[in-house]
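S.K.: Could you have a look at this structure, given as structure tokens, before my questions?
The values are calculated or read from the model by the stated rules, or taken from the named source; none is laboratory data. These numbers come from a predicted model, not from an experiment. Here the Cβ positions follow ideal geometry from the backbone for every residue, glycine too, while neighbour counts run over all protein chains shown. For accessibility, only protein heavy atoms count, side chains too; no ligands or nucleic acids. Shrake-Rupley method; radii C 1.70, N 1.55, O 1.52, S 1.80 Å.
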Number of protein chains: 2
Amino acid sequence: MAGYKFGVVGSGSWATALVKILTDNGHRVNWWVRNEKQQDYIKQRRHNPQYLSNAYLNVQLLNIVSNANEVLQLSDVIVLAVPSAFICEVLKQVNKKELAGKKIVSAIKGIVPGPDVLLNDYLAENYGVELQNYFALLGPCHAEEVAAEKLSYLTFSGIDEDIAENISGYFKSSYINTVTNQDILGVQYAAVLKNIYALGAGIAHGLEYGDNFLSVYIANSADEMAGFLRKAGIQHIVVGEHQQQTESNKRDPNYAASVYLGDLLVTCYSPYSRNRTFGNMIGKGYTVQSAQLEMNMVAEGYNAAKCIYHINNKIGAEMPIASIVYRILWEKMSPVEGFEEIEKVLI
Amino acid sequence: MAGYKFGVVGSGSWATALVKILTDNGHRVNWWVRNEKQQDYIKQRRHNPQYLSNAYLNVQLLNIVSNANEVLQLSDVIVLAVPSAFICEVLKQVNKKELAGKKIVSAIKGIVPGPDVLLNDYLAENYGVELQNYFALLGPCHAEEVAAEKLSYLTFSGIDEDIAENISGYFKSSYINTVTNQDILGVQYAAVLKNIYALGAGIAHGLEYGDNFLSVYIANSADEMAGFLRKAGIQHIVVGEHQQQTESNKRDPNYAASVYLGDLLVTCYSPYSRNRTFGNMIGKGYTVQSAQLEMNMVAEGYNAAKCIYHINNKIGAEMPIASIVYRILWEKMSPVEGFEEIEKVLI
């Protein structure tokens, strides 16, 4: 193993889970925690006060700093683990040159709001980060189960699968298994799409559809997702850019793997999913605005529905489910009518 | 529509649900209910006393008889809806010639115990039923949600898809959508396999794996199931036998459709599934014998695991998950060790 030094940017549940995984494995972590009170609390009490507070953290291995650039200077591998809504704000504090040559591991499950692009595109455009230095780290993985040390699978994706494998080695433990693949764009799109379908599952639940219907809806969503990823020719774009056509590159990824179907399932079936809760309120008749007020947050599937709708205008995959979720959320289509349309396309 | 006369054989929950669907649509049904007390109760109170007792039945459209041959004489389409464990016993009462030329619709989710074959093979061998007269009717469909008139999807499969479509028309209603396909053997195998994987999901739950793991396990099970169905070349066997090669025959079925992935999901995720409950007890340390005693019944996945294990000795699909579930149930492999093996193959 190459002896990487890790930095983690973010201090929410998911960032805390990743810090726990790395330090449980005996690796030192440079951890950017903005709030000084939070820093002191973690140092003294050995757990994050607000997020994933039941996860014990080995502070001996932590170097907690409040300056993002310091984390970058001290680390070879930078794990970005902030909600997608805040990523631009965080990156504004970063000195572009500190990112040069660093390996960026995105643990962000969403599209960069504003430009509405995947994070690798945003980093390439604005920070000169090359795709070969960019990796995605995705679940299915509720942070709460990491805290409880329940076995979970993480997928590390990158066009250089050897480096992805290398990085993944730092995370593998008694409660973390790791998988690697090269479908760097596909896995990120899958992580965005699943939130749209989970939001739709919530709407269906709010409309009082039952478990029989939900299973049909989710199975068809899995198929629609695979169709989008296949049509987008994700793998080929990556391969084309980098002339690294190997045997494994030529095949479609296995869309039943954990990072695709597994993550869709855990997100759609979890009653704790924010997207599902948000959708449930929409299905029960709340307006988008009042559901947001009530939840005091924005579910990621809400913006994702709009982004994917526009992206798919170019790609042209058949996405009746995602399109109708978009129309319900953004074009005031009634949920009842929307699901009557969805009913017709399910097989 | 051809004006079919329907007979339903069986009086459990699923048979009652199918009788409700047909009579709600205004179709007369010749219903074989063996127990005379049960017959009287249904005629007087308009619902089945023991099974799905909350489903109201329009008795004006019912011709309830206790002789199976009478049902066959009076009907063109015979819906078989008894548990697979009892099908041989029921068929023993049937006069072979009464089946000649009749359309048999199997709503049985399992393999015929003893000869361990699909029902179409058993009927062909012992009753001369031709495959072109045989159809499968499958979910995902909990009978309880039919009683509650929650929208559910039924798939009708047969090598003559036009007739399958015709029959399905009798079931389509405000709360039943129908799908047809030609993969008559594949859909039946899928209905058997899903019980094995659901039983395994129960074992995992009993071993205290969490939701993250379960989603990975189920996603990989879906892939394993598709691999078996593809390798078995089901479609081709059927086509080869009957020289009905059409465009749609040439394609693999869509294994994300409701009858494959949807049914797997509803069975694996339902906490009410008998297979999952049975598996849960095995995972918690009960022996197979004591779990059976405690539940006072046999979960279908238990026999299915053995049948598929033997069938796959010929087909040779990669089935590490189903094989280990088999070894836990039939070869005293410890559930802990079994799942340590399964952990290694999941992606």
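S.K.: Quote the convex hull volume per residue of the stretch A:257-316, based on C-alpha atoms, as a whole number of Å³.
M.R.: Once divided by residue count, the hull of the stretch A:257-316 is 105 Å³.
S.K.: What FRET efficiency would be calculated for the residue pair A:HIS27, B:ASN126, taking the C-beta separation as r and a Förster radius of 60 Å, to the nearest 0.05?
M.R.: With a Förster radius of 60 Å, E is 0.40.
S.K.: Running a GNM on chain A with Cα contacts under 10 Å, which residue among A:SER173, A:SER334, A:SER290 ends up with the highest mean-square fluctuation?
M.R.: Its mean-square fluctuation being the largest, the pick is A:SER290.
S.K.: Still on this structure, please answer the following. All other residues with a Cβ under 9 Å from the Cβ of B:ASN177 taken together, and with Lys, Arg as +1 and Asp, Glu as -1, what is their net charge?
M.R.: Spelling it out: positives minus negatives among the neighbours equals +1.
S.K.: Accessible surface of B:ASP40 in the full protein assembly, 1.4 angstrom probe, to the nearest 10 Å²?
M.R.: 80
S.K.: Moving on. Where Rh denotes the Kirkwood radius from the mean inverse Cα pair distance, what is Rg over Rh for the stretch B:98-239?
M.R.: Value, to two decimals: 1.01.
S.K.: I want to verify a result. In a Gaussian network model of chain A, Cα cutoff 10 Å, which of these has the top mean-square fluctuation: A:TYR326, A:TYR41, A:TYR260?
M.R.: Maximum fluctuation in the GNM of chain A, among the listed residues, is at A:TYR41.
S.K.: To make sure I understand the rule: partners must be lysines, Cα under 24 Å from the Cα of A:LYS96, and not fewer than 8 residues away in the same chain. Which ones qualify?
M.R.: Qualifying lysines at Cα under 24 Å: A:LYS5, A:LYS109.
S.K.: Which of the aspartates and glutamates could be linked to A:LYS172 by a straight reach, that is with a Cα gap under 14 Å, when you skip same-chain ones fewer than 8 residues away?
M.R.: Counting by Cα, and skipping residues close in sequence, A:LYS172 has these aspartates and glutamates nearby: A:ASP24, A:GLU149, B:GLU343.
S.K.: Taking the Cα atoms of the stretch B:243-347, what is the range of coordinates along each of the three principal axes, in descending order and whole Å?
M.R.: Answer, in whole Å and largest first: 51, 28, 28 Å.
S.K.: Report the residue of chain B with the smallest Cβ-to-axis distance, using the rotation axis that brings B onto A, in whole Å.
M.R.: B:TYR269, 3
S.K.: So what's the net charge close to B:GLU165: Lys and Arg +1, Asp and Glu -1, counting the other residues with Cβ under 15 Å from its Cβ?
M.R.: -2
S.K.: Here's another thing I want to ask about it. Can you give me the % of accessible surface on chain A that is carbon or sulfur? Probe 1.4 Å, all protein chains present, nothing else counted.
M.R.: Answer for chain A: carbon and sulfur cover 46 percent of the accessible area.
S.K.: Counting only C-alpha contacts under 8 Å and six or more residues apart, can you give the relative contact order of the stretch B:264-347 as a whole percent?
M.R.: Averaging sequence separation for qualifying contacts and normalising by length gives 22 percent for the stretch B:264-347.
S.K.: By accessible area of protein heavy atoms, probe 1.4 Å, what ranking do A:SER75, A:SER13 get, highest first?
M.R.: A:SER13, A:SER75
S.K.: Rounded to the nearest 100 Å², what's the accessible area chains B and A bury against each other, both chains counted, probe 1.4 Å?
M.R.: Chains B and A together bury approximately 3000 Å².
S.K.: So, one more: For B:PRO271, place a label point 7 Å out from Cα along the Cα→Cβ vector, do the same in each other copy, and report the separations in nm, one decimal, smallest first.
M.R.: Computed spacing set for this position: 0.7 nm.
S.K.: Given label points at 7 Å from Cα along Cα→Cβ, what nm distances, shortest first, separate A:GLU36 from the same residue in every other copy?
M.R.: Output for A:GLU36: 9.1 nm, nearest copy listed first.
S.K.: How do A:SER11, A:SER258 stack up against each other in accessible area, from largest to smallest, with a 1.4 angstrom probe?
M.R.: If we order A:SER11, A:SER258 from most to least accessible, we get A:SER11, A:SER258.
S.K.: Given a cut-off of under 8 Å on Cα pairs at least six residues apart, what relative contact order in percent is computed for chain B?
M.R.: 14
S.K.: Right, another one. For B:VAL345, which inter-copy label distances result when the label point lies 7 Å beyond Cα on the Cα-to-Cβ vector, reported in nm to one decimal and in ascending order?
M.R.: Result for B:VAL345, in nm, nearest copy first: 3.5.
S.K.: Percentage of Cα-Cα pair distances in the stretch B:1-148 greater than 19 Å, rounded to whole percent?
M.R.: 49
S.K.: Continuing with this model, one more query. Taking chain A as a Gaussian network, Cα atoms linked when under 10 Å apart, which of A:VAL82, A:VAL19, A:VAL336 shows the biggest mean-square fluctuation?
M.R.: Highest fluctuation of the listed residues: A:VAL336.
S.K.: When Cβ neighbours within 10 Å are restricted to other protein chains, what is their mean count per residue of peptide A:134-144?
M.R.: 2
S.K.: Strictly over 32 Å apart at the Cα level, which of B:LYS20/B:LYS306; B:LYS37/B:LYS97; B:LYS194/B:LYS332; A:LYS314/B:LYS150 would you flag in this model?
M.R.: Exceeds cut-off: B:LYS20/B:LYS306; A:LYS314/B:LYS150.
S.K.: Still on this structure, please answer the following. Please report the Cα spread of chain B along all three principal axes, rounded to whole Å, starting with the longest.
M.R.: 56, 47, 37
S.K.: Work out from phi, with θ = phi - 60° and the Karplus expression 6.51 cos²θ - 1.76 cosθ + 1.60, the ³J(HN,Hα) of each residue of the stretch A:22-30, listed in order in whole Hz, and give x for Gly and Pro.
M.R.: Values per residue, Gly and Pro as x: 5, 6, 4, 8, x, 8, 6, 9, 8 Hz.
S.K.: Sorted from largest down, give the three principal axis spans of the alpha carbons of the protein assembly as shown, whole angstrom values.
M.R.: Answer, in whole Å and largest first: 85, 56, 48 Å.
S.K.: Among the trypsin sites (Lys or Arg not before Pro) in the stretch B:266-347, which ones are in a DSSP loop with at most 13 other Cβ atoms within 10 Å of the Cβ? Mind listing them?
M.R.: B:LYS332
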